[in-house]
Amino acid sequence: MAIDWQQLSAKYRDAYIADLTTLVGIDSARDDSKATEDYPLGPGPAKALNAFLGLAQRDGFEVKNLDNLVGYVEYGEGDDTLAILGHADAMPAGKGWHTDPFTLTAKDGNLYGRGTSDDKGPALAAYYGLKMLKDEGIMPKIKIRFIIGTDEESDWTGMNHYLDLEPAPTLGFSPDAEFPLINGEKGNVTFESHFEGSNSGDFTLTEFDAGLRENMVPRDAEATVETADNEQMVTDFTAFLDEAPVTGDVNVDGSGIHFHVIGKAAHGMEPKNGINAGTYLASFLTSYAFGGDAADFLSLLANELHDDSRANKLGIAFTDKVMGDLTMNVGIMQFTAGKGGLINTNFRYPTGTGAAQILAGLQQATATMNVTVEQGKEMVPHYVDPEDPIVKTLMNVYREQTGDNDAQPEVVGGGTYGRLMKRGVAFGALFPGTQDTMHQADEFQPEADLLKAMAIYGQAIYELTK
């Protein structure tokens with residue numbers, strides 16, 4: 001069946017923009033402080049899920065909501081299932097935006113707003129790819145389920161709930177990464193180093209706070225310090241800002257010196273794309289005579305973790321010829337005098353190393369400190385053979401739609417729902433050469449790219465189910 005997919009997708013432009021405006025308008029970051037029985041992850045993720053399902057109901061699809069944690073859109077019948085896995089949740093907006101993060105804003109050909117790139121824009125483009133098939137009267141030969149999670153940015157609660165209740169898909173893709181195609185994803189493990197809250201010496205660390213999520217490079221960091229010589233420390237901080245690749249400010253009041261450092265947010269899968277405000281602030285503070293647990297907290301950040309995304313200082317650097325480097329993101333840093341502190345480190349690792357080696361490195365680095373290191377969630381590396389039919393089919397579609405005949409599948413440090421299936425991959429929607437603003441302020445995706453992705457998804461779904 002001959003279809004000009006790009007010409008067809010252009011007809012849906014206005015409808016797509018209107019629906020994306022609706023989805024971006026919902027602050028769908030997980031918020032456990034607002035969790036209820038009806039909204040187990042807080043109201044935002046559930047509202048975004050229901051908005052997505054509402055669009056599909058409007059378009060005549062069968063839909064199902066599973067306890068406001070996950071939902072799906074179904075089309076076609078058959079024993080096998082092609083799954084398209086997207087997510088309606090988004091990262092917290094954070095600071096530093098030049099537009100309202102929850103108002104879809106068109107500027108210079110780009111669409112700005114939280115979720116335009118990760119993952120509301122791409123997921124909606126994939127949904128429109130499915131909608132085009134239905135509107136054209138094309139009936140797939142296997143069942144298609146477009147599954148929408150609500151917790152991809154945290155613990156994957158929604159998608160795990162789906163797998164508890166529904167049969168696992170046979171094969172599928174997640175529109176939650178980049179083109180041409182991701183057939184391999186590194187392992188992913190998080191550790192927390194816990195400190196008690198003692199201080200001693202001439203300087204007291206009253207508070208330290210940086211980071212929103214483990215998979216974001218922190219843009220902002222704040223600390224409060226008490227000392228007898230405020231003037232000298234303020235002068236030193238001003239000089240530090242002149243030399244370091246960060247900005248910030250400082251003020252003094254009756255409770256101490258208040259420091260604020262501004263770096264650059266980025267996706268935690270490649271920390272080199274950001275500037276970690278927290279570790280930079282710690283690198284400034286650690287030269288002063290702090291003591292006790294506060295000194296250990298600052299020392300670990302500044303001397304072992306700062307500006308070392310490949311974890312060389314921990315002695316655990318590792319590279320695989322297929323999957324690339326192990327990477328480390330220092331995502332959350334918190335300390336409160338008298339109460340305690342934590343440092344959250346997230347590692348993306350290739351085949352050949354793993355959580356045991358990483359833990360050993362952290363334990364060695366903290367051996368002389370009063371620190372407890374705890375392992376959190378882990379996902380092992382995932383890889384689909386480039387010769388697998390799903391990889392070959394999707395690559396052929398991408399090449400046909402873009403003319404990029406040299407494109408090859410890739411391995412990344414990001415973790416997508418694609419890894420939940422043995423034959424699952426990530427497919428778009430960030431094109432080569434387009435700026436990656438996922439998890440950052442001023443997140444955007446070019447409008448033309450999203451419409452082109454819609455065409456690619458339409459043909460891909462057609463080819464995989466004909």
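The values are calculated or read from the model by the stated rules, or taken from the named source; none is laboratory data. Remember, it's a predicted structure, so these values are computed and weren't measured experimentally. Virtual Cβ from ideal backbone geometry, glycine too; neighbours counted across all protein chains shown.
Read through the list (1) surrounded by 14 or more Cβ atoms within 10 Å (Cβ to Cβ); (2) at pLDDT 95 or above, then give the number of the only condition that residue 419 fails.
Status for residue 419: all satisfied but (2).
So which residues in region 320-339 are buried (at least 21 other Cβ atoms within 10 Å of the Cβ) and more than 23 Å from the chain's Cα centre (by Cα), if there are any at all? Can you show your working first?
To start, the set of residues in region 320-339 that are buried (at least 21 other Cβ atoms within 10 Å of the Cβ) comprises 323, 326-333, 335.
Residue satisfying the conditions is 335 alone.
Any residue in region 132-148 that's farther than 23 Å from residue 6 by Cβ: show its pairings with residues that are among the charged types (D, E, K, R) and outside any strand (DSSP E or B) at Cβ separation under 6 Å, as long as the two are six or more apart or on different chains.
Once the first residue is farther than 23 Å from residue 6 by Cβ and sits in region 132-148, its partners that are among the charged types (D, E, K, R) and outside any strand (DSSP E or B) give 142/80; 143/77.
Considering (1) assigned to a helix (DSSP H, G or I); (2) buried (at least 21 other Cβ atoms within 10 Å of the Cβ), say which one residue 18 fails and leave the rest.
(2)
Suppose we filter region 296-334 for residues that are under 13 Å from residue 365 (Cα atoms) and touching a Gly at 6+ places or on another chain (Cβ under 8 Å); how many remain?
The total comes to 6.
Just checking: which of the strands (runs of 3 or more DSSP E) contained wholly in region 191-270 hold 1 or more residues that are over 30 Å from residue 152 (Cα atoms) and among the polar types (S, T, N, Q)? Spell out how you get there, then give the answer.
On the way: elements: 204-210, 220-226, 247-253, 256-262.
Passing ranges, in order: 204-210, 220-226, 247-253.
Among 372, 345, which is assigned to a strand (DSSP E or B), loosely packed, with under 14 Cβ neighbours inside 10 Å, modelled with pLDDT of 95 or more and in the same structural domain as residue 274 (by TED's automatic domain parsing)? Please lay out each step first, then the result.
Values: 345 fails: loosely packed, with under 14 Cβ neighbours inside 10 Å.
It is 372.
May I ask you to list the residues in region 55-88 that are touching a Pro at 6+ places or on another chain (Cβ under 8 Å), farther than 20 Å from residue 152 by Cα and in a strand (DSSP E or B)?
75, 81
Among the residues of region 79-97, is there at least one that is over 17 Å from residue 148 (Cα atoms), under 21 Å from the mean Cα position of the chain (by Cα) and among the β-branched types (Val, Ile, Thr)? Give the steps one after another, and end with the answer.
Filtering region 79-97 for residues over 17 Å from residue 148 (Cα atoms) gives 79-80, 92-97.
Narrowing further to those that are under 21 Å from the mean Cα position of the chain (by Cα): 92-97.
Those still in the list that are among the β-branched types (Val, Ile, Thr) too: none.
Checked against the condition, which is being over 17 Å from residue 148 (Cα atoms), under 21 Å from the mean Cα position of the chain (by Cα) and among the β-branched types (Val, Ile, Thr), region 79-97 yields no hits at all.
Given the options 294, 317, name the one that is buried (at least 16 other Cβ atoms within 10 Å of the Cβ), part of a helix (DSSP H, G or I) and at pLDDT 95 or above.
Details: 317 fails: part of a helix (DSSP H, G or I).
Selected residue: 294, the only one of 294, 317 that is buried (at least 16 other Cβ atoms within 10 Å of the Cβ), part of a helix (DSSP H, G or I) and at pLDDT 95 or above.
Can you tell me which residue within region 200-212, out of those that are surrounded by fewer than 21 Cβ atoms within 10 Å (Cβ to Cβ) and in contact with a strand residue (DSSP E or B) (Cβ under 6 Å, 6 or more places away or on another chain), is modelled with the lowest pLDDT? Let's see the steps before the verdict.
Step one: of region 200-212, the residues surrounded by fewer than 21 Cβ atoms within 10 Å (Cβ to Cβ) are 200-202, 204, 206-207, 209, 212.
Filter once more, keeping what is in contact with a strand residue (DSSP E or B) (Cβ under 6 Å, 6 or more places away or on another chain): 200-201, 204, 206-207, 209.
On the way: 200: 92, 201: 85, 204: 97, 206: 98, 207: 98, 209: 98.
Across region 200-212, the extreme among qualifying residues is 201.
Looking only at region 394-413, filter to residues that are buried (at least 16 other Cβ atoms within 10 Å of the Cβ) and over 19 Å from residue 450 (Cβ atoms); which one of those is farthest from the chain's Cα centre (by Cα)?
So, considering only residues that are buried (at least 16 other Cβ atoms within 10 Å of the Cβ) and over 19 Å from residue 450 (Cβ atoms), the one farthest from the chain's Cα centre (by Cα) is 395.
Of all the residues that make up region 160-199, how many are among the polar types (S, T, N, Q), surrounded by fewer than 22 Cβ atoms within 10 Å (Cβ to Cβ), within 30 Å of residue 79 (Cβ to Cβ) and touching a residue at least 12 places away in the same chain (Cβ under 8 Å)?
Looking only at that region, the number is 1.
Within region 302-322, is there a residue that is under 18 Å from residue 241 (Cβ atoms) and among the hydrophobic types (A, V, I, L, M, F, W, C)?
Residues of region 302-322 under 18 Å from residue 241 (Cβ atoms): 302, 306-307.
Of the ones still in play, those that are also among the hydrophobic types (A, V, I, L, M, F, W, C) are 302.
The answer is yes, given that some residue of region 302-322 is under 18 Å from residue 241 (Cβ atoms) and among the hydrophobic types (A, V, I, L, M, F, W, C).
Tell me, which residue of region 130-165 that is within 22 Å of residue 415 (Cα to Cα) and in a loop (DSSP other than H, G, I, E, B) is nearest to the chain's Cα centre (by Cα)?
Among residues in region 130-165 that are within 22 Å of residue 415 (Cα to Cα) and in a loop (DSSP other than H, G, I, E, B), the one nearest to the chain's Cα centre (by Cα) is 153.
Out of everything in region 33-54 that is in a helix (DSSP H, G or I) and either outside the structural domain of residue 19 (by TED's automatic domain parsing) or in contact with an Asp or Glu (Cβ under 8 Å, 6 or more places away or on another chain) (or both), what residue ends up being surrounded by the fewest Cβ atoms within 10 Å (Cβ to Cβ)?
Our first condition is that a residue be in a helix (DSSP H, G or I); within region 33-54, this holds for 33-34, 43-54.
Now narrow it down to the ones that are either outside the structural domain of residue 19 (by TED's automatic domain parsing) or in contact with an Asp or Glu (Cβ under 8 Å, 6 or more places away or on another chain) (or both): 43-46, 48.
Details: 43: 17, 44: 21, 45: 32, 46: 25, 48: 26.
If we take residues in region 33-54 being in a helix (DSSP H, G or I) and either outside the structural domain of residue 19 (by TED's automatic domain parsing) or in contact with an Asp or Glu (Cβ under 8 Å, 6 or more places away or on another chain) (or both), then 43 is surrounded by the fewest Cβ atoms within 10 Å (Cβ to Cβ).
Looking at 361, 352, 414, which is the one that is in a loop (DSSP other than H, G, I, E, B) and at pLDDT 95 or above? Show your work before the answer.
Working: 361 fails: in a loop (DSSP other than H, G, I, E, B); 414 fails: at pLDDT 95 or above.
Criteria check complete, one pass: 352.
With the condition kept exactly as written, say whether any residue in region 322-338 is outside any strand (DSSP E or B) and over 29 Å from residue 382 (Cα atoms).
The initial filter retains those residues of region 322-338 that are outside any strand (DSSP E or B), namely 322-323, 326, 337-338.
Now restrict to residues that are over 29 Å from residue 382 (Cα atoms): 337-338.
Yes - at least one qualifying residue is present in region 322-338.
Looking at (1) more than 17 Å from residue 191 (Cα to Cα); (2) modelled with pLDDT under 95, can you tell me which one residue 269 breaks?
Result: residue 269 passes all but (1).
Do we have residue 309 as within 24 Å of residue 270 (Cα to Cα), out of contact with any Cys (no Cβ under 7 Å at 6 or more places or on another chain) and not in a helix (DSSP H, G or I) here? Don't jump to the end; show me each part of the working.
Details: within 24 Å of residue 270 (Cα to Cα): yes; out of contact with any Cys (no Cβ under 7 Å at 6 or more places or on another chain): yes; not in a helix (DSSP H, G or I): yes.
Answer is yes for this residue.
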